[in-house]
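Inspection log for the structure reproduced underneath, given as structure tokens.
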Amino acid sequence: MTNTSVTTPDVDVAAKPPSVEQLANRYTKIESRDVNVYYGEKHALKHVDLDVYQNEVTALIGPSGCGKSTFLRCLNRMNDVIDICRVTGRIALDEHDIYDPSLDVVQLRARVGMVFQKPNPFPKSIYDNISYGPRIHGLAHGKAELDEIVQKSLERAGLWKEVSDRLDQPGTGLSGGQQQRLCIARAIAVNPEVILMDEPCSALDPIATARIEELIDELRENFTIVIVTHSMQQAARVSQRTAFFHLGDLVEVGETEAIFTNPEDSRTQGYITGRFG
Amino acid sequence: MQTFIVVLALIGFAAIGYTMGRARAVMTAGGVPKDLHSLPSYYGSYTALWIGLPSLILLAVWMIVQPQIIDGLVMGGLPSDMTAGLSDSQFGLLLNDIRNVATGNISSRGDDPAVAAAATQLSSLRHTGFILMVVAVFGVGAGGLAFARNRISPTLRARNTVEKVINVILIISSLIAILTTVGIVLSLLFESFVFFTKVPFYEFLFGLNWSPQTALRADQVGSSGAFGAIPLFVGTLLITFIAMVVAAPIGLMSAIYMAEYADPRFRAFAKPMLEVLAGIPTVVYGFFAALTVAPFFRGAGESIGLDVSSESALAAGVVMGIMIIPFVSSLSDDVINAVPQSLRDGSYGLGATKSETIRSVVVPAALPGIVGALLLAISRAIGETMIVVMAAGLAANLTINPLEAVTTVTVQIVTLLVGDQEFDSAKTLSAFALGLVLFFITLALNVIALGVVRKYREKYD
Amino acid sequence: MTDTTSSPQGESAGPARRPLTISPHLAKRYARERLFRTLGLASVATAGLILLVLVGSIVSKGYSAFWLHHVDLTIEFSVDELNPDGGPIEMETLQKANYLGLVRDALKREFPDAASDRRERRKLYGLVSPNADIMLRNMVLNDPSLVGTTQTVSFKMSDDMDTFAKGFIDRDLPESDRRVTDAEIKWHDHFEAEGRVHVAFNIDFFTKGDSREPEEAGIYGALIGSILTLTVTLLVSFPVGVMAAVYLEEFAPKNRFTDLIEVNINNLAAVPSIVFGLLGLAVFLNFFGLPRSAPLAGGLVLALMTLPTIIIASRSALKAVPPSIREAALGLGASPLQVVTHHVLPLAMPGILTGTIIGMAQALGETAPLLMIGMVAFIVDVPQGFTDPATVLPVQVYIWADSPERAFVEKTSAAIMVLLGFLVLMNAIAVLLRKRFERRW
Ligand SMILES: Nc1ncnc2c1ncn2[C@@H]1O[C@H](COP(=O)(O)OP(=O)(O)OP(=O)(O)O)[C@@H](O)[C@H]1O
Ligand SMILES: [Mg+2]
């Protein structure tokens, strides 16, 4: 690839880049060092060093099968449920190793929430969907407090107005976009510190996508967000930092603006200009 | 009944412990449940487990051990001339009489003062034992409660502990299936082994003469009858063969028709019908065979000058075949439906008619699965009991004439074991040897059949 | 069958066409097609026909068991017998009085000339059910004021007379070929002519235990035995089966050992039921010393038999719950056990219950293993608890089917009808459950 001048015609970087001041005060929420993941014999993630900063959106991009979801699932140990999966290296949340055997994975997941690719509400009422997390973590004292959490979470997910009069109806009866916001509200309700999102908009239409993107930008104020996306535009619009994965390698990570306008690696450049992937 | 109440009381105790543990946990956290490692309810369950598990285990052990100790004490206390020189079974009978007297039943030896005294002793020992047990069990429960209360603190990982215990309980549950198999194999092997010390192995497997009932008196030397099981095996195979002659074609053709020809409405009616046929208890088929089919065959035979036994292998076999039809058809139906449509399309594309496609493409492709289904059906027929008990003969008869009465392995097991049993007589034990043969033959058939079917499924999945 | 290569001989320039007429060969192929299809249909029809014959033969034999013929007799509650010493009536005397004599006197008064011959007299006394005296005693004990009066009392006919009255015995047969004598027919006709024979619903059939007398025998004892036995079966096999399925499906690592458990469960499902009976006899009765003939032992044996059914059904129900539900709950920080108890199990429950009901229906119809552990004994008393000697419905069918009396054929068929009724009910519930909660993801 000899072409050095980058043309990113249809990607405009809209998300607010961090200011100088912010850059200086960056706090490393999650730190990963030399992370390797194996599915049986398959080496799915190779020597990944990646930091996630607090109150920022970090986007993970890369061609299908490059290990984005795998990395994301390492961050709250969802990989534990896959029998053949083995993780090495160090991942620390607030400087505590999350793979420390003395750590309770359940408490980890209460701090690092997750939103999945396909909306997956429980086949229960909207209310029960939201209140489930607070209930199992004992976050609410009594019904009134629980009601308040449910309402707040739905409000923050921008869903309150649409569902406030039918909280007792099944969550599966909502539209796809509403369901995904319900899942986000459900994740927020536990009051996590980090929210992981694996292609949260891939099953949604553009309007629903736009709403979720807005939501992500708002949530950044209170949460740290890591998002996997296949849409370059989306990465550019919502994230402050972007990491590009390829065949299990973390090829490049940096400020979103820099990645999209001036990538260092030719593979990144090829990917974002649509030459492969 | 008393034990049942003790168990209920223990459960109640554990329930109280649950609330105590919960309250205790909230208290240690200074009234802020959020500071606890786990939800308060897990501390409750933790306490309840510490109360319930040890005490219930103790209860179970106690229930097994206490009768043995008490029996020993009571029998030891009997005048020695009464117990001297008793054989094991006579000893058991005496003990049984004492138990009967103790529970207030009439017994042949009820008037014997020694027995009466022993019965009184038995009752009082039982009573003491029960009180001791209640005290011990609840003592252990209280100990558990105290221990758990002490352990409870905000940092105690109650959820993890409770879940570990539950996980162990889950594992034990899934081991019960294995234990059942082990129990079957061990009990059959053990009793058969005793049998083979009385009757040589080869005589049982290859002997042509079966008449276990000829023993007139149990203490007669050399009185045991003949234990050659070949007539039973032949009879079983004969009836199984007749059953398969009925079930295989009808079941298979039904399956083909249902899978390939029938429209959904017909299926919606015919499938439940076959399921009803499959759900009828075998004792009903047995009654049908003995009361309707056998006389029918006998009458039909008479009218054309044939002498058909009223317990003919034919009647039992035909009815058994009827019972197996839905079994064959539903298994084959699944198998045929698993044949990919593309194979059929290939054949149609060459201009073959439907039946030609079925015969030359679908059935050959499904053959392993069909063979597996038929093997399972054979295994069912061999192990089927009630139909043959009610409709086949009792006397061993080495013949392959379907119009005569034959007997089968299962019939003999039932007739040998219904009624009085003496576990030291070859007659009773031979039933276990027959059971062993039955178990291993059906097991082999099942393993082969399930293997064939699984291979077949993998091919098309 | 596209024919692209065509011979260039022929006058036309275009390719020669093969005529689309039906060749005799093709007609034969179609005939064979029709034959094959008819054979298939005939097979299904055969199965249906057999079902009809089976049910028809049972209903036609059994429907008449639901009523019995009664005959009115004039009973003198004579003071001589019931209060020979005069004075106030004493319960103890009433208890011990000879009520059979009262019934016999009534019959003798009815047919004085039959009373001379000893054999004929016996037949005459046998006209009514042998339990007539117990009935009379209960009547008098309930209402001592009957003493000294003369009443018309309705008695059950004995089984042979009842069978005759129902018209199942042909009176035109020679006397030696039928179970009722000419004299009995004469007596019956006498009562009939006076309008003293009447039909009543056979309530005892549903409220009494077994009996040697067909007209006294009922299925209540067996029914209670079945309920007790199935209760044990359910209490053991449901929790154990579901927990085993949960472990195997949700928690077990995939290794040799769990494979072994899996193969083992599949094989256990195909082990002949009688082998389970042998297991019960050797282990539950001889080793653990559980009481013979008791619902406790029977229920445990059936539980082991039903276990594979429940495990297999529960596993497929658990498997049908989409993994996304599990991921969602795990992502919120639910522990694996919470995921199962809060989400997966409730969603799988309809399927599990359907499998359980089907397993219970199988257990309800099971006979052979229960014979092994002695539940085949003749038991008159209705069992009161799990350790009382008891029998169950299908075993009752087996016992009655073995009895020689003609009237027991009718009872057997009726008991089968009741049994089938329960099975249909259980399966209907299972089907409803499946329909009602069928869920597509
Ligand atoms: N459960 C699993 N078992 C075995 N291999 C797996 C498993 N999950 C993922 N992999 C493998 O790991 C590699 C990375 O997968 P991953 O799901 O992380 O990719 P991805 O970047 O998220 O792809 P996509 O964009 O398609 O979602 C792939 O090659 C995949 O085949
Ligand atoms: Mg992915």
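Assorted remarks:
- Cα centroid separation - the range B:12-63 against the range C:40-81, whole Å: 59
- Per the Cα gyration tensor, the range C:306-369 maps to an equivalent ellipsoid with semi-axes of 31, 9, 8 Å, ordered largest to smallest.
- Mean separation of Cα contacts under 8 Å, 6 or more apart, over the residue count of the range C:220-437: relative contact order %: 31
- Beta bridges assigned by DSSP with both partners in the protein assembly as shown are antiparallel in approximately 70 percent of cases.
- At least 20 Å along the helix axis (C-alpha) and Kyte average at least 1.6, DSSP helices within chain C: C:220-246
- Separation of alpha-carbon centers, the range C:120-151 and the range C:267-301, rounded to whole Å: 45
- Hull-based mean projected area of chain B, where the convex hull spans the alpha carbons, in square nanometres: 34.6
- Normalised by 2.2 N^0.38 Å, where N is the number of residues, the C-alpha radius of gyration of the range B:2-156 stands at 1.55.
- The value for the range C:67-202 of Rg(Cα) / (2.2 N^0.38 Å) is 1.13.
- Mean residue ellipticity at 222 nm, helices only, chain A: -10000 deg cm²/dmol; runs of at least 4 DSSP H residues each add -39,500 (n - 2.57), and the sum is divided by the number of residues.
- Whichever lysines have a C-alpha closer than 30 Å to that of A:Lys68, once near sequence neighbours (fewer than 8 apart) are set aside: A:Lys16, A:Lys29, A:Lys42, A:Lys46, A:Lys118, C:Lys254, C:Lys319
- Panel note: the C-alpha atoms of the range B:226-460, placed on their principal axes, show extents of 67, 43, 29 Å (largest first).
- Largest-first ordering by accessible area, 1.4 Å probe, given options C:Met305, B:Met20: B:Met20, C:Met305
- Given chain C, longest segment not containing exposed loop trypsin sites (Lys or Arg not before Pro) (DSSP; at most 13 other Cβ within 10 Å): C:255-438
- Amide hydrogen proximity for C:Val128: with H placed 1.01 Å from N in the peptide plane, the residues at 5 or more positions away or on another chain lying under 5 Å are C:Ser158.
- With protein chains left intact and a 1.4 Å probe, residues in chain B average 46 Å² of accessible area per residue.
- Cα-based Rg of the range C:220-437 normalised by 2.2 N^0.38 Å, two decimals: 1.15
- Residue among C:Thr354, C:Leu330, C:Ala294 farthest towards the positive dipole end of chain C, charges placed on Cβ: C:Leu330
- When C:Phe288, B:Phe297, C:Phe155 are compared by accessible area of protein heavy atoms, the largest-first order is C:Phe288, B:Phe297, C:Phe155, using a 1.4 Å probe.
- Close Lys pairs in the range C:67-202 (alpha-carbon distance under 24 Å; sequence gap of 8 or more, or different chains): 11.
- Counting heavy atoms of the protein chains alone, C:Tyr220 has an accessible area of about 90 Å² for a 1.4 Å probe.
- Long-range HN-HN contacts of A:Gly89 with modeled amide H, under 5 Å: A:Asn36
- Built amide H within the under 5 Å cut-off of B:Ala226, gap 5+: B:Ser211, B:Thr214
- For chain C, adding -39500 (n - 2.57) for each run of n ≥ 4 DSSP H residues and dividing by the number of residues yields -18500 deg cm²/dmol at 222 nm.
- Chain C shape via C-alpha gyration tensor axes, a/c threshold 1.5: oblate
- Summed over both chains, the area buried between A and C is near 1600 Å², taken from the accessible surface of protein heavy atoms with a 1.4 Å probe.
- Per-residue SASA entry for B:Asp307, accessible area with 1.4 Å probe, Å² rounded to 10: 130
- Chain B: DSSP helices with Cα axial extent of at least 27 Å and average Kyte-Doolittle hydropathy no lower than -0.5: B:2-28, B:40-77, B:113-151, B:158-198, B:230-256, B:313-337, B:363-383, B:426-460
- The alpha carbons of the range A:62-221 stretch over 48, 40, 31 Å along the principal axes, in descending order.
- Projected-area mean, the range C:331-441, by convex hull of Cα positions, square nanometres: 10.7
- In plain terms, if you count all Cα to Cα distances in the range A:148-247 and split them into 10 Å steps from zero, the share in each step is 14, 49, 29, 6, 1 percent.
- With semi-axes defined as the square roots of five times the eigenvalues of the C-alpha gyration tensor, the equivalent ellipsoid of the range B:296-377 measures 39, 16, 8 Å, largest first.
- Rolling a 1.4 Å probe over the protein heavy atoms leaves A:Asp128 with an accessible area of roughly 50 Å².
- Ranking by accessible area, most exposed first, for C:Ile89, B:Ile178, B:Ile239, B:Ile11 with a 1.4 Å probe: B:Ile11, C:Ile89, B:Ile178, B:Ile239
- Couplings for the range A:250-265, taken from phi via the Karplus curve 6.51 cos²θ - 1.76 cosθ + 1.60 with θ = phi - 60°, read 7, 7, 7, 9, x, 4, 3, 4, 5, 4, 7, 9, 8, x, 7, 8 Hz in order; Gly and Pro are left as x.
- For the range B:2-156: relative contact order, % (alpha-carbon pairs under 8 angstrom, 6 or more apart): 35
- Cα extents of the protein assembly as shown along the three principal axes, largest first (Å): 131, 109, 66
- Across every pair of non-identical alpha carbons in the range C:210-295, the mean reciprocal distance, once inverted, gives a Kirkwood radius of 16.2 Å.
The values are calculated or read from the model by the stated rules, or taken from the named source; none is laboratory data. Note that the structure is a prediction, hence the values are computed from the model and not measured. Note: ideal-geometry Cβ built from the backbone for every residue, glycine included; neighbour counts use all protein chains shown. Note: areas computed on protein heavy atoms with side chains; ligands, DNA, RNA excluded. Shrake-Rupley method; radii C 1.70, N 1.55, O 1.52, S 1.80 Å.
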